[in-house]
Amino acid sequence: MSQELAYALITPYSLYKSRTGGIIGRLLAHPSLELVAARMFVFSDEFLDEYQKIICPSAMDQGIEDAWHAYIDESLRRENPWGVLPRCMLLLLRGENAVRCLKEEIIGSFTEQPVGDTVRGTFGDFIRDREGGIRHFEPAVITCPDPSLNDQHLQLLAKHAVQDGGILEGQYKYDDPNVQCSLVMLKPDNFYKPSRRPGNIIDTFSRTDLRIVGVRLFNMTVAKGQEFYGPLEEIFASKLKFLVAKGAMKAMDGAFDFEFTEDDADVLADHLAQRNASCEFNKIVEYMTGVDPNSVDESQWPTASNAKCLAMLYEGPDAISRIRHVLGSTDPSKAEPGTVRSDFGRDLMRNGAHASDSPDNAIRERGIVGLFENETDTCDISELINAYLSDR
């Protein structure tokens, strides 16, 4: 069975109510689907006018079809009755029978019953009045309802991905003047197997009351890993020197007929500190990329990667400090209870997530992971969809 490409669109209301993490957890926990791309959108009227024509299959109940058209007009357009920016988060997923699996097994259909086995059962709302009319309609997640329509939906998304999607920074108005944008990066061990971990971490960050204004799934290459974590190598040289000295004392104790002193260990640590720092630095790069830098030729560093990360931009007042507070201390064993690193970290390196520690570093890091400026020609969403459709 060939691999299908399917999409899940998290609605503005779900984002507004910080249901994003719970929904993503459901989507990524399914064993037969793989997340391959993510992007924020505020859709144009041009897209929505075309989307309304293909959103519903021909056999759909007329009442639900009318509700869909009304929902798109009231909740997805920039000019809407609520006066809010209608942010959506698009996730592309790949797998066998992905369209049907996503719709039937994960997202589910509309139901008035109090069920929680699907995304819509848990996070959506569908209420009829006594006359049978639809009183309240909130899908929580939008996806293609029928495999026969999927190519049309994907084609339309690819067509508008650059124009309507990307970084939504600066499109909200805040009363507080100290608005910042912080980069958060979910590390590779969150994606080694299908699980709710990525969603649970995002759910923890929702406590900051900040807005997600950018998202990108990417493979960090060896070259980008070295650039991203480059400042740590010099820090390691000074801060980890005491560990080199401690190791030298343990290794050399009794090795000679004369006394090996702490001063001797310090001299040896001075000589080996940089080599130790480079070794520890390479361990981080290997963890973040899935590739040992020493195992590939330097000419391959710009493309070498076997690990994925999810980068997100959070915007709002004092975003840097608020994110860092919820993130917790670097060492999970010392992180405050309830923080990301306390709940999801395992050690200093595998500590769940990274977050920028200053506005300047946020700018530097965003440039490396590709969340600094919007694309002008193409993006990963359009490239993936176009490649998929061309092979069919």
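Data overview
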{"quantity": "Qualifying trypsin sites (Lys or Arg not before Pro) in segment 146-200, DSSP loop, other Cβ atoms within 10 Å at most 10", "calculated": "LYS173"}
{"quantity": "For the chain, built as a Gaussian network whose Cα springs stay under 10 Å, the top-fluctuating residue of LEU268, LEU168, LEU217", "calculated": "LEU268"}
{"quantity": "Listed peptides 36-49, 117-130 by packing density, highest first (mean Cβ within 10 Å)", "calculated": "36-49, 117-130"}
{"quantity": "Among GLU234, GLU259, GLU112, residue whose mean-square fluctuation peaks in a GNM of the chain (springs only between Cα atoms under 10 Å)", "calculated": "GLU259"}
{"quantity": "Residue with peak Gaussian network fluctuation, the chain [Cα springs, cutoff 10 Å], from ASP203, ASP377, ASP253", "calculated": "ASP253"}
{"quantity": "Farthest positive-ward along segment 223-300 dipole, Cα basis, beta-carbon charges - from GLN274, ALA245, GLY230", "calculated": "GLY230"}
{"quantity": "Prolate/oblate/rounded label for segment 1-101 (Cα gyration tensor, a/c 1.5)", "calculated": "oblate"}
{"quantity": "Set of aspartates and glutamates near LYS193 by C-alpha distance (under 20 Å), chain-local residues within fewer than 8 positions excluded", "calculated": "GLU4, GLU34, GLU96, GLU105, ASP203, GLU286, ASP343, ASP347"}
{"quantity": "Cα-based reach from LYS241 at 16 Å (exclusive), listing lysines while leaving out same-chain residues under 8 positions away", "calculated": "LYS250"}
{"quantity": "Percentage relative contact order, the chain, counting C-alpha pairs under 8 Å, at least six apart", "calculated": "22"}
{"quantity": "Distance between segment 1-43 and segment 308-377 - C-alpha centres, whole angstrom", "calculated": "21"}
{"quantity": "For segment 223-300: rounded, prolate or oblate by the Cα gyration tensor [a/c cutoff 1.5]", "calculated": "prolate"}
{"quantity": "Exceeding the 25 Å Cα-Cα cut-off - candidates LYS17/LYS173; LYS17/LYS334; LYS246/LYS334; LYS103/LYS224", "calculated": "LYS17/LYS334; LYS103/LYS224"}
{"quantity": "C-alpha center-to-center spacing [segment 108-137, segment 148-179] in angstrom", "calculated": "27"}
{"quantity": "Note, ³J(HN,Hα) from phi for segment 2-19, Karplus 6.51, -1.76, 1.60, rounded to Hz, x at Gly and Pro", "calculated": "6, 6, 9, 10, 10, 10, 10, 10, 6, 6, x, 5, 5, 5, 4, 8, 6, 8"}
{"quantity": "Per-residue ³J(HN,Hα) for segment 129-140, Karplus 6.51 cos²θ - 1.76 cosθ + 1.60, θ = phi - 60°, Hz, x for Gly and Pro", "calculated": "8, 5, 8, x, x, 8, 8, 9, 9, 9, x, 6"}
{"quantity": "13 Å cut-off, amide nitrogen to a point 7 angstrom out along LEU389 Cα→Cβ, residues in segment 31-74", "calculated": "51"}
{"quantity": "Chain lengthening between GLN163 and ARG78 when straightened (0.36 nm per residue, less Cα-Cα)", "calculated": "29.2 nm"}
{"quantity": "Inter-label distance, nm, simple model (7 Å from Cα along the C-beta direction), ASN306/PHE260", "calculated": "3.5"}
{"quantity": "Normalised per residue, the volume of the convex hull around the Cα set of the chain (Å³)", "calculated": "176"}
{"quantity": "Residues whose placed amide H lies under 5 Å from that of VAL291, excluding near-sequence neighbours", "calculated": "ASN306"}
{"quantity": "Length-normalised contact order for segment 37-146 - Cα pairs under 8 Å, 6+ apart - percent", "calculated": "25"}
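Any read-out appearing in this document is the output of simple, stated calculations on the displayed coordinates, not a laboratory observation. Keep in mind the model is a prediction, meaning the values are calculated, not measured. Quick reminder, even Gly has a Cβ in these numbers, built from the backbone with ideal geometry, and neighbours come from all protein chains shown.
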